[in-house]
Amino acid sequence: MIRNKIIRKWHLVQTLIQFILAICITILNSRYASKNNLKSSLIISLVVLLLTGLQFTLLKTTAKHKKLMQLNFYFECCIIPFTLQTILSGILICIKKSHVLNLDFCIVIAMLYSLIMYLPMTQLALARIKNFWGRILISIIIYFLVLSAPTVFNSSTSNWLTKISNSGILGTISFAIIALFAMKSWGYKLSIFKVNSKVSLIPMILIITFIIYHCSFNGFNESSSWNNFLTSWSFKIPYLKWNFILGGIQAGIGEEFLLRFVILNLSLQLFKTKKNQIVIALFFNALTFGLLHLTNLSTQSFNATIQQALSAATSGIVYAAIYLYTGSLLISIIYHTLFDISGFTTAGTMIMTAPANYDWQLTLFFAIIYFALAYFLISGKRKKVVEDNLRQHGLLAV
């Protein structure tokens, strides 16, 4: 964990630089912006200037009005990603117009810095939020705000940099770093890679077999009815492109860190006093995962998005159960990533098409399998392994 003194200095310097650059951008906009864009440019610059100035309040360690201070933490978690991205975008635009420095080199530096630039916000605002429901809500908001950061780098002339930017993978890594630091600040000592030593061989073979089959089915099964469900396969990958691969990695890392690493563990703590703690947390996690996919309504048809949300909600049960049983987030990340990549690279799109009746039936069919596998992993002898994982992290109901 980075020392609080270093974080406070980092935040002070970063905010001062933002503030100075916001003033400079405001002056430049007033001089060089076209008449049509002058008013809107000045308004945006002044708003960024004001919001940046408010970030100095995070340097306060105490306040008379504690509720107001807590409210400010939520506010800053929403505002800081916006101002940092806006300032970064403004700098790159100025560099592009001035031709003083190599634009792509500057974009690479900005990309690397974007991975860690939210750490002061994480420890000075996010980590100080006390309410569990508030932590869950603000984590979701930060996830979507940070995920939009790659649009800052779209001015690159490099094809590779543009692909990385458009994939959202930078925002995903940024959020993963935020999640790691936030959860540690909240007192959670969670494993990402290590599998619990008490995990049995047969359940692990079952998990690996199911992952291989499920990802293969998603990518290579071409059945259009139950008549050819077992026989219609095509092991061709016609759209093996980097944007689909990066898109799958982005979803696998980002959604697993948000849903399983952050929300599942927070909900386990939230429902710690409940009799059926694990089951309630699993279904809450699945419901949240499904609802988050409704944001795709802006790019997909209503029926396609509803089917995707239902599929996500039910598959979320398995992702969560695998994580709870093995204690390793990495397995869920690999599973989720391979599942999405297999679908994207064979369909040639990341947008769901309108489902046929057979697609709805498949959703129900796999939902039954998901529930059965999840139940198997959290019941019987496997339940003791799950409880051991929770006990190690202080999450087991007493």
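The charge dipole of the chain, taken about its Cα centre with unit charges on the Cβ atoms of Lys, Arg (+1), Asp and Glu (-1) only, comes to about 1660 debye.
The mean sequence distance of close C-alpha pairs (under 8 Å, at least 6 residues apart), as a share of the length of the stretch 98-257, puts its relative contact order at 27 percent. Stretching the chain fully between L294 and K39 yields a gain of 88.3 nm (0.36 nm per residue, less the alpha carbon separation). In this structure the amide hydrogen of W233, modeled in the peptide plane, comes within under 5 Å of the amide hydrogens of E222, none closer than 5 places in sequence on its chain. For the cross-link pairs K198/K275; K67/K184; K163/K189; K274/K384; K189/K383, the ones whose C-alpha atoms lie over 26 Å apart are K163/K189.
For K163 and A354, the difference between the fully extended length at 0.36 nm per residue and the C-alpha to C-alpha distance is 66.0 nm. Membrane-span-like helices in the chain (whole DSSP H runs, Cα extent of at least 20 Å along the helix axis, mean Kyte-Doolittle hydropathy of at least -0.5): 4-32, 35-54, 66-98, 132-147, 169-185, 201-220, 277-292, 302-326, 329-347, 357-377. Applying both filters, DSSP loop and at most 14 other Cβ atoms within 10 Å, to the trypsin sites (Lys or Arg not before Pro) of the stretch 110-193 gives K130, K189. Across the chain, Cα pairs under 8 Å and at least six residues apart give a relative contact order of 16 percent. Starting from the Cα gyration tensor of the chain, take the square roots of the eigenvalues, sort them a ≥ b ≥ c, and report rounded, prolate or oblate (rounded when a/c is under 1.5, otherwise prolate if a/b is larger than b/c, else oblate). Because a/c hits 1.5 or more and a/b fails to exceed b/c, the chain counts as oblate.
Select from the stretch 265-351 those trypsin sites (Lys or Arg not before Pro) which occupy a DSSP coil region and have at most 13 other Cβ atoms within 10 Å, ordered by residue number. Within the stretch 265-351, the qualifying trypsin sites (Lys or Arg not before Pro) (loop, at most 13 other Cβ atoms within 10 Å) are K274, K275.
Are there trypsin sites (Lys or Arg not before Pro) in the stretch 45-113 that DSSP marks as loop and that have at most 16 other Cβ atoms within 10 Å, and which are they?
Here the trypsin sites (Lys or Arg not before Pro) that fit, given the DSSP loop and packing criteria, are K60, K64.
Among S197, S114, the order by Cβ neighbours within 10 angstrom, fewest to most, reads S197, S114. Given q = 0.08, 0.11, 0.13, 0.19 Å⁻¹, what are the Debye log10 I(q)/I(0) values for the stretch 201-392, with equal point scatterers placed on the Cα positions and solvent ignored? Debye curve over Cα of the stretch 201-392, log10 I(q)/I(0) at q = 0.08, 0.11, 0.13, 0.19 Å⁻¹: -0.26, -0.50, -0.70, -1.44. The stretch 62-116 gives an Rg/Rh value of 1.23, both radii derived from C-alpha positions and Rh following Kirkwood. Note on the stretch 66-216: Kirkwood hydrodynamic radius from all Cα pairs is 17.8 Å, rounded to one decimal.
We did not get these values from a lab; they are worked out from the coordinates using the rules stated. In this text the structure is predicted, and so the values were computed from the model without any measurement. Ideal geometry is used to build each Cβ from the backbone, glycine not excepted, and the neighbour counts take in all protein chains shown.
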